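Asker: My questions will all concern the structure given below.
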Amino acid sequence: MRKIFTLSILFGFIFLFAGKVSAQQDATIDPSNIKFWIGEGENEVVFIVNWAEPDTALAWGYRFAAETVTIKDVMDDIAEADYRFSFDASGSEYGYWLNDIFFNDGVLDLRLTEPGWVSYVVNGQPSWNFFDAQTLVNNDYVKWGDTYCGTMVDPENWIYVWEKEVAPVYALAEEATIDPEAIRYWVGEGENEVVFAVNWNEPDTCLAWGYRFSEETVTVQQIMDDIAEADPRFAYDAAGGWLNDITYNDGILNLGLVGMYYMFNVNGGMAMLGFDQQTVSNGDFVKWGDESCGTEIAPWTLVWTKEVVAVYPYAVEATIDPSDVLFWIGNGQNEVVFCVNWNEPNTALAWGYRFSEESVTVKQVMDGIAEVDSRFAYQADGSWLTDITYQDGTLDLSLVGAYFMYNLNGEAAMLGFDTQPVVDGDFIKWGDVSCGTEIAPWTYVWEQDVQPVSAFTSLDEAQGNTLLVFPNPSFGETFVTVESNGISVISVFDMQGHMVSTVTRETMAGETVRIDTRMMESGVYFIMVNNDNATQIAKLVVK
């Protein structure tokens, strides 16, 4: 039967002397070489077990905050943290004695050998306390073994030492991965897919891209080249098959590898070929990292446990130069451009808005456009937009996504459109998720090419309109006859769609409104009258 001898104090001196002999021969390990630390605290002990068949000695590190800890506490916590390690013990009212210690990692399958006697030493000296009563302090080391893997140095008193070189147990670690369905940024085309991830330190970060291809296999280098071409935030530096660095810079994160050497895993196993030769196929998972952010689970074999985060796509907000805008509403020295994106079909249209105040709200801009341009309308519930529409007889556009939002100068606006101010030079763009690219949580950009809204649908429409304008041609002034009661907005546009004058007033049906044309250059213009959601257009010639 296995047990630890509990001897009386009478033999203490004898065993102390024998322990000094054993300490001279007992193999140990420097704490700096320990790979697997369990627990937390400023105090450290080393825990070692010797096995025979095959002759093996493995060591763990244990940290704790209390002044002392028992050997059983250490073993219980190691067993909880490391499923490869377990032990069997028996107890009584006097204490616990050990029956066996096991270690099984799929390669080694270790247990203490029957019918060897089991004992332990603390700092190389034998202890005859039950292991649930024996306490350890900072910098102690404890070593278990049996008679089959030890050397008897004192036959009379059954004192053994274990001389087998002590190897550190490598930490348990599982490669963090990511489901391909969670990938947000796919590069390439084809029916085959791989996930490509990189680990960085300072700060600890792991980012992943998806890669699609039609060939049976591709090299890791091909994946990296194509990602670097598609995503300017990502780059790498290499010499032949050796990597020098991988970088990522999005304006917030500025990442580079910092360890002494770099390597990559394929499907959680260390790749044996250079990245310019290593091929991958459909369903594979490639991950780069360095030793500074990895866990060594075997010699020269690292895994990276940092949670993998999907990279958001790289996208640039499409815009338009104000000089290309054709339809300007309002008057004043300040200008903003207002744009809307629609899907079904994919369309982005832009208007210009002028004002003299220091700032206006987005809602004022939209109201001003809706007042002048009957093709444009929106529906809202307080600060929440429910739709934006555009109908010109050819296009019939409406927002179709699950929710709508707007950007201000390319960044998501944080205020409701009825309170968000804009100033000279700002760019406002609305869209929905169906036609946008998510570049960060709840942050979208719209890449559809922006087209300027034309001031009029066609020259024929202006020529055939019944709006009465006289005299026409004009030699300094002209008069427009309004056909409806209500608020009328009367605007004059040049042939490029730029508004040259506008007036808003309450009118009666049949009333004439004077337009001063003395400051206008000679040429062809259009007069637009908006009244009660009706729009009339006529051509005006200025001499």
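The values are calculated or read from the model by the stated rules, or taken from the named source; none is laboratory data. Treat the numbers as computed from the prediction; the structure is a model and nothing was measured. When we count neighbours, we look across all protein chains shown, and the Cβ atoms used for this are built from the backbone with ideal geometry, even at glycine.
Asker: Filter the stretch 155-172 for residues that are outside any loop (DSSP other than H, G, I, E, B) and touching a residue at least 40 places away in the same chain (Cβ under 8 Å) and give the result.
Answerer: Within the stretch 155-172, Asn157, Ile159, Tyr160, Val161, Ala167, Pro168 meet the criteria.
Asker: Just to be sure I understand the filter: pairs with C-beta atoms under 6 Å, separated by 6 or more residues or on different chains, first member in the stretch 386-401 and among the aliphatic types (A, V, I, L, M), second member part of a strand (DSSP E or B) and modelled with pLDDT under 90. Which pairs pass?
Answerer: Every condition considered, the pairs that remain are Leu399/Asp432.
Asker: Any chance the stretch 204-212 includes a residue that's aromatic (Phe, Trp, Tyr), surrounded by 17 or more Cβ atoms within 10 Å (Cβ to Cβ), touching a residue at least 60 places away in the same chain (Cβ under 8 Å) and touching a helix residue (DSSP H, G or I) at 6+ places or on another chain (Cβ under 8 Å)? Please lay out each step first, then the result.
Answerer: Step one: of the stretch 204-212, the residues aromatic (Phe, Trp, Tyr) are 209, 211.
Next cut, surrounded by 17 or more Cβ atoms within 10 Å (Cβ to Cβ) only: 209, 211.
Narrowing the set further to residues that are touching a residue at least 60 places away in the same chain (Cβ under 8 Å) leaves 209.
Narrowing further to those that are touching a helix residue (DSSP H, G or I) at 6+ places or on another chain (Cβ under 8 Å): 209.
Yes, that holds for at least one residue.
Asker: Give the residues of the stretch 428-451 that are of a type in the set (A, V, I, L, M) and either assigned to a loop (DSSP other than H, G, I, E, B) or more than 25 Å from Gly352 (Cα to Cα) (or both), sorted by residue number.
Answerer: Selection gives Ile439, Ala440, Val450.
Asker: I'm told Ala197 meets every condition in (1) in contact with a Ser or Thr (Cβ under 6 Å, 6 or more places away or on another chain); (2) at pLDDT 95 or above; (3) not in a loop (DSSP other than H, G, I, E, B) except one. Can you identify the failing condition by its number?
Answerer: Every listed condition holds for Ala197 apart from (1).
Asker: Count, please, the residues in the stretch 432-451 that happen to be closer than 23 Å to Ser323 by Cβ and either surrounded by 21 or more Cβ atoms within 10 Å (Cβ to Cβ) or aliphatic (A, V, I, L, M) (or both).
Answerer: Number of matching residues: 3.
Asker: Is it fair to say Phe376 is surrounded by 14 or more Cβ atoms within 10 Å (Cβ to Cβ), within 19 Å of Tyr444 (Cβ to Cβ) and in the same structural domain as Glu447 (by TED's automatic domain parsing)?
Answerer: No; evaluated as a whole, the condition is false for this residue.
Asker: Same structure again: Quick one: in the stretch 122-144, which of the residues that are more than 24 Å from Glu40 (Cα to Cα) and out of contact with any Leu (no Cβ under 8 Å at 6 or more places or on another chain) is modelled with the highest pLDDT? Give the derivation first.
Answerer: First, pick out the residues of the stretch 122-144 that are more than 24 Å from Glu40 (Cα to Cα): 124-130.
Next, from what is left, pick out any that are out of contact with any Leu (no Cβ under 8 Å at 6 or more places or on another chain): 124, 126-127, 129-130.
Values: Gly124: 89, Pro126: 87, Ser127: 86, Asn129: 90, Phe130: 94.
Among residues in the stretch 122-144 that are more than 24 Å from Glu40 (Cα to Cα) and out of contact with any Leu (no Cβ under 8 Å at 6 or more places or on another chain), the one modelled with the highest pLDDT is Phe130.
Asker: What number of residues within the stretch 83-110 are under 45 Å from the mean Cα position of the chain (by Cα) and touching a residue at least 24 places away in the same chain (Cβ under 8 Å)? Steps first, please.
Answerer: Our first condition is that a residue be under 45 Å from the mean Cα position of the chain (by Cα); within the stretch 83-110, this holds for 83-87, 101-110.
Now narrow it down to the ones that are touching a residue at least 24 places away in the same chain (Cβ under 8 Å): 83-85, 101, 103, 108, 110.
Residues in the stretch 83-110 being under 45 Å from the mean Cα position of the chain (by Cα) and touching a residue at least 24 places away in the same chain (Cβ under 8 Å): 7 in total.
Asker: Among the residues of the stretch 316-354, write down those that are surrounded by 16 or more Cβ atoms within 10 Å (Cβ to Cβ), at pLDDT below 95 and within 30 Å of Ala182 (Cβ to Cβ).
Answerer: Glu317, Asn343 - these are the residues of the stretch 316-354 that are surrounded by 16 or more Cβ atoms within 10 Å (Cβ to Cβ), at pLDDT below 95 and within 30 Å of Ala182 (Cβ to Cβ).
Asker: Also: Looking at Val187, Val142, Val198, Val194 in this structure, which one is more than 30 Å from the chain's Cα centre (by Cα) and among the hydrophobic types (A, V, I, L, M, F, W, C)?
Answerer: Val142
Asker: Quickly run through the stretch 291-302 and pick out the residues that are in a strand (DSSP E or B) and within 27 Å of the chain's Cα centre (by Cα).
Answerer: Of everything in the stretch 291-302, those that are in a strand (DSSP E or B) and within 27 Å of the chain's Cα centre (by Cα) turn out to be Thr295, Glu296, Ile297, Thr301, Leu302.
Asker: Moving on. Among the residues of the stretch 119-155, write down those that are of a type in the set (A, V, I, L, M) and within 17 Å of Ser90 (Cα to Cα).
Answerer: Selection gives Ala133 alone.
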